[in-house]
1. Take the residues of region 122-140 that are assigned to a helix (DSSP H, G or I) and in contact with a strand residue (DSSP E or B) (Cβ under 8 Å, 6 or more places away or on another chain): which is surrounded by the fewest Cβ atoms within 10 Å (Cβ to Cβ)?
2. Can you confirm whether region 223-232 contains a residue that is assigned by TED's automatic domain parsing to the domain that holds residue 284, in a strand (DSSP E or B) and under 24 Å from residue 286 (Cβ atoms)?
3. Return yes when residue 248 is free of Cβ contacts under 8 Å to residues at least 40 places away in the same chain, in a strand (DSSP E or B) and farther than 30 Å from residue 127 by Cα and no when it is not.
4. Identify, by number, the condition in (1) free of Cβ contacts under 8 Å to residues at least 40 places away in the same chain; (2) more than 30 Å from residue 112 (Cα to Cα); (3) surrounded by 15 or more Cβ atoms within 10 Å (Cβ to Cβ) that residue 221 doesn't meet.
5. Filter the strands (runs of 3 or more DSSP E) completely within region 154-203 down to those with at least 2 residues that are assigned by TED's automatic domain parsing to the domain that holds residue 296 and over 25 Å from the mean Cα position of the chain (by Cα).
6. Taking the stated definitions as given, is residue 214 crowded, with 17+ Cβ neighbours inside 10 Å, touching a residue at least 40 places away in the same chain (Cβ under 8 Å) and not in a loop (DSSP other than H, G, I, E, B)?
7. Considering every residue within region 106-121, establish whether at least one is more than 19 Å from the chain's Cα centre (by Cα) and either under 30 Å from residue 277 (Cα atoms) or exposed (fewer than 15 other Cβ atoms within 10 Å of the Cβ) (or both).
8. So for region 258-272 (the condition being in contact with a helix residue (DSSP H, G or I) (Cβ under 7 Å, 6 or more places away or on another chain) and assigned to a strand (DSSP E or B)), does at least one residue qualify?
């Protein structure tokens, strides 16, 4: 069964407990508490054991620039802690186990709930590092609600800020000619040489998801689409998006590329796509997206049909 990476989390996020400052403090002192340490968007992972947790360590909590209560794992509190203010060697010494791994490398080595947890922690840690000051008056912000809110310390301002997720649509556009089906794949200049992917773009203000699919497809390729069907979603903490996956039916076939966005775009049959190599395969002339991406899920699920 096809699965979308970074989904399948089983953590109780326990929103009901985030405002209980006394309970949060007790859990931070509780030896049973589990930690998910991070250093500049990378996580500590024990690869052989596929373990992402570190036992309660007062030194880690004391030296963290900030922490976030992620939730409960079988009634045990789980906190993400950020060690980014320290040198990499010092952070590794504090943790004392595992190695620093980028999330996209870790996803292939841990189970789905652990990958989901690391994605959750990565997104929140990035938000904290980029929201230390008020966006309205520039004053420092202080952490509230177990790390799920930052409030301006200036009493005359007091602006509350919350983690923001930016929605982006990603779509596999399909064209039918008789019994034959084609999908529209494109090459972006930022992609690896030879790698083709689906189209994608951020949702703009005042726009529905379906309208965003149609607009982005037309802007990038000149293809008009009609029916748009939802396929699934994926947290994408690189740094703070959620990818909303769709399949769209093409009404036109001529491709007119936006050369500022794409280097190439063309229609492929299923047989042609099955001949593509894997991401990172230096010998393959054409390559599929990474297996952890929803673009790959959209392509694979289309091929299954």
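The values are calculated or read from the model by the stated rules, or taken from the named source; none is laboratory data. What you see is a predicted model; the values in this text were computed from it and never measured. FYI the Cβ positions are ideal-geometry reconstructions off the backbone, even for glycines, and counts take in every protein chain you see.
1. So the first thing to find is which residues in region 122-140 are assigned to a helix (DSSP H, G or I), and the list is 122-129.
Subsequent filtering for residues that are in contact with a strand residue (DSSP E or B) (Cβ under 8 Å, 6 or more places away or on another chain) retains 122-125, 128-129.
Numbers: 122: 25, 123: 25, 124: 23, 125: 29, 128: 20, 129: 16.
It comes out as 129.
2. At the first step, the residues of region 223-232 found to be assigned by TED's automatic domain parsing to the domain that holds residue 284 are 223-232.
With in a strand (DSSP E or B) added as a condition, the list becomes 225-232.
Pick out the ones that are also under 24 Å from residue 286 (Cβ atoms) and you get 225, 231.
Yes, that holds for at least one residue.
3. No; evaluated as a whole, the condition is false for this residue.
4. The single condition residue 221 does not satisfy is (1).
5. Working: elements: 166-177, 180-188, 199-202.
In region 154-203, 166-177, 180-188 are the strands (runs of 3 or more DSSP E) which contain 2 or more residues that are assigned by TED's automatic domain parsing to the domain that holds residue 296 and over 25 Å from the mean Cα position of the chain (by Cα).
6. Numbers: crowded, with 17+ Cβ neighbours inside 10 Å: yes; touching a residue at least 40 places away in the same chain (Cβ under 8 Å): no; not in a loop (DSSP other than H, G, I, E, B): yes.
Criteria not met by residue 214.
7. Initial filter on region 106-121 (more than 19 Å from the chain's Cα centre (by Cα)): none.
There is no residue in region 106-121 that is more than 19 Å from the chain's Cα centre (by Cα) and either under 30 Å from residue 277 (Cα atoms) or exposed (fewer than 15 other Cβ atoms within 10 Å of the Cβ) (or both).
8. We begin by selecting, within region 258-272, every residue in contact with a helix residue (DSSP H, G or I) (Cβ under 7 Å, 6 or more places away or on another chain); these are 258, 261-262, 265, 270.
Next cut, assigned to a strand (DSSP E or B) only: 262, 265.
Looking for residues that are in contact with a helix residue (DSSP H, G or I) (Cβ under 7 Å, 6 or more places away or on another chain) and assigned to a strand (DSSP E or B), one finds at least one in region 258-272, hence yes.
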